[in-house]
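Here's the structure, in structure tokens; my notes come after.
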Amino acid sequence: MIGWPTAPVIYEIDTRPWLTAIGDRVGQAVTLTDVPAAVWDDLARPGIDAVWLMGVWERSPAGLAVARHDENLQKAIHRALPDVRREDVSGSPYSVRRYEPDGRLGGRTGLAVARSELARRGLKLILDYVPNHVAPDHPAIHRYPSWFVTGTEDEMARDPAGWFRAGAHIVARGRDPYLPPWPDVAQLNAFDPGLRAAAAETMIAIADQCDGMRVDMAMLVTNEIFAQTWGDRAGPAPDSEFWPETIDRLRKEHPQTVLIAEAYWDTEWALQQQGFDFCYDKRLYDRLAHETAATVRVHLSGDQEFQRRLIRFTENHDEPRAATAMPGGRDRAAAVAAATLPGATLWHDGQFEGRRVQLPVFLNRAPAEPVDDARLTFYHRLVEVAAGLRRGEWRLLDTHGWPGNDTGESVLAWAWHDGRPHHIVVVNLSAEPAQARIPLPWDELRGRGWRLVDLLDGRAFERGGEDLAGPGLYVDLPPWGAHLLAVTTTRRS
């Protein structure tokens, strides 16, 4: 990770709606070539290390036709954007026809300008790569049919939703092992050696244009899952895995490129071992959004190296907006946790402003929504102060209540330390007030007075070291409340 922080903070932008909104503000169409400098400046606020421009590649006319005629997708589009116009709908960014920057966004020149403007402000650029499938009108379908999972006329007759005709070939639509096929993509054969070589070359070409890659559904092309999905249709599994072979070739050309795997189904550890720098922590997301502090605590008890190579989030383009999925302040409690844990952090454009509409990725325009100024202030403050916090070692802390008060079970706590804690994070992951004691297991604390300043709201607390290292720090938190405490000495006790 040459030139990257060890725990990068990434900001995801859905590129087409973002450019549309900028154009509406300035009164003319905008591409990546002519984004105003003030917009780039605003992205480079303290605490952000990289920008993920999602959806920059050339999209498929065939995918666009699907988007305009698929009944379920049309319902989702009209829910999100009731006044949708024909020009508001595009093909999916994950139905890639070519890994070429889309001309509507400014093409190669526009993407190069964007990367340069971000770099001038100290920000890295992340782009997508989709290993499992391509658009149904991708040129390789006719040139290299062995790169695809193919079937028979009988199979297409029995399952027309799972197959389509491409010239002389019957090609499978892309899918995972648990859901129906995606109607706008063709399934690549991850076991084919020619496809693997082409995948490596594609990743090298992408890395020529950016600093990092977010890899869509990375686990689908591992040998075990691909064989589970496609069985004998794909042929025998190779002796080697897809990712070590492909990433090794990429690293020879671009050793500094950071690779982020979208990963589910407990495949994170395996993908880390196969070469990814970071993997989605979807399990933490689910627990922060829907479960209790106890399950989060179990999750955070895992191997430290594993924790450092996860990417934490409370929203992205695949998940509901945090303001709606985690109501009543739960989104803020979850955000404090995500921002202060080991590993990378991912934020989503519109999350800070409190947007509530989850936008289908097929749309070029988002609905107008009011800015939640209080939420915006909170997120900007959190991202800024968290930037100076994740240094040294991280430690999960015990929390406990006392007879007659078990609300401490809802409290999560951890510390960043280097001989003694320099920051302590406390989160009440419940809709009720909670009190707890948090013993701080550092003898260095004894014999001194300590000043604890909450970086979120500026409140200061003075505590004695014997109390902190003995019965523990006492906290009393409102529903979904949190402390982000900077620890400094005050006096000899």
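Output needed for region 88-242: three equivalent-ellipsoid semi-axes, defined as square roots of 5 times the C-alpha gyration tensor eigenvalues, in descending order, whole Å.
30, 18, 13
Please give the helix 373-386 orientation as an angle from the longest Cα principal axis of the chain, in degrees from 0 to 90, rounded to the nearest 10.
80 degrees
Just to confirm, what accessible area per residue do you get for the chain at 1.4 Å probe, in whole Å²?
Accessible surface, normalised per residue, equals 41 Å².
What are the chymotrypsin sites (Phe, Trp or Tyr not before Pro) within region 188-288 that DSSP puts in a loop, where the Cβ has at most 14 other Cβ atoms within 10 Å?
Taking region 188-288 and a limit of 14 other Cβ atoms within 10 Å, the loop chymotrypsin sites (Phe, Trp or Tyr not before Pro) found are Trp265.
Of all accessible surface on region 170-262 at a 1.4 Å probe, what whole percent is carbon and sulfur?
That fraction is 51 percent.
Which residues among region 218-232 fall inside the zone where the amide N is under 15 Å from a point 7 Å beyond the Cα of Tyr178, along Cα→Cβ?
Under cut-off, by backbone N: 218-221, 225-226, 228-229.
For Lys75, which aspartates and glutamates qualify as cross-link partners when the Cα separation must be under 14 Å and same-chain residues fewer than eight apart are set aside?
Partners found: Asp83.
Give me the percent of accessible area attributable to carbon and sulfur for region 1-136, probe 1.4 angstrom.
Using a 1.4 Å probe with all protein chains present, region 1-136 comes out at 51 percent carbon and sulfur.
Contour minus end-to-end for Ala237 and Glu353, with contour as 0.36 nm per residue of separation and end-to-end as the Cα-Cα distance?
37.1 nm
Cβ neighbours within 10 Å, averaged per peptide: list 253-261, 136-144, 458-466 in order, most packed at the top.
Top to bottom by mean Cβ count within 10 Å: 253-261, 136-144, 458-466.
Return the sequence-ordered ³J(HN,Hα) values of region 346-358 in whole Hz as given by the Karplus equation 6.51 cos²θ - 1.76 cosθ + 1.60 applied to θ = phi - 60°, using x for Gly and Pro.
Coupling constants for region 346-358: 10, 10, 10, 4, x, 5, 5, 7, x, 4, 10, 8, 7 Hz.
For every helix of n ≥ 4 consecutive DSSP H residues, a contribution of -39,500 (n - 2.57) applies; sum these over the chain, divide by its total residues, and give [θ] at 222 nm rounded to the nearest 500 deg cm²/dmol.
Counting only the DSSP helices, I get -9000 deg cm²/dmol.
In whole Hz and in residue order, list the ³J(HN,Hα) couplings for region 13-26 that follow from phi through the Karplus curve 6.51 cos²θ - 1.76 cosθ + 1.60, θ = phi - 60°; x for Gly and Pro.
10, 7, 4, 5, x, 4, 5, 4, 5, 5, x, 4, 6, 8
Which whole-percent values make up P(r) of region 178-266 when all C-alpha to C-alpha distances are grouped in 5 Å steps starting at zero?
With a bin width of 5 Å, the distribution comes to 3, 12, 23, 24, 20, 12, 5, 1.
For the chain, compute Rh as the Kirkwood radius over C-alpha pairs and then the Stokes-Einstein diffusion coefficient at 37 °C and 0.692 mPa s; write the answer in µm²/s, rounded to an integer.
Answer, rounded: 135 µm²/s.
What nm distance separates the two modelled labels at Trp402 and Asp318, each placed 7 Å from Cα along Cα→Cβ?
Here the modelled spin labels are 4.6 nm apart.
Go through region 321-329 residue by residue and turn each phi into a ³J(HN,Hα) via Karplus (6.51, -1.76, 1.60, θ = phi - 60°); whole Hz please, and just put x for glycine and proline.
4, 4, 4, 9, 6, 10, x, x, x
Which value does Rg/Rh take for region 396-493 over its C-alpha atoms, Rh per Kirkwood?
0.95
Quick one: helix 71-80 against the long Cα principal axis of the chain, what's the angle to the nearest 10°, folded into 0 to 90?
Between the helix axis and the principal axis of the chain, the angle is about 40 degrees.
For Lys124, which lysines qualify as cross-link partners when the Cα separation must be under 24 Å and same-chain residues fewer than eight apart are set aside?
Answer for Lys124, where 24 Å is the Cα cut-off: Lys252, Lys282, listed by chain and number.
Between helix 330-340 and the chain, what is the angle of the helix's C-alpha long axis to the longest principal axis, kept within 0 to 90° and rounded to the nearest 10?
With rounding to tens, the tilt is 90 degrees.
The values are calculated or read from the model by the stated rules, or taken from the named source; none is laboratory data. Every value quoted in this text rests on a predicted model; they were computed, and no experiment measured them. Glycine gets a Cβ as well: all are built from the backbone with ideal geometry, and neighbour counts include every protein chain shown. Side chains included, ligands, DNA and RNA excluded: accessible areas come from the protein's heavy atoms. Shrake-Rupley method; radii C 1.70, N 1.55, O 1.52, S 1.80 Å.
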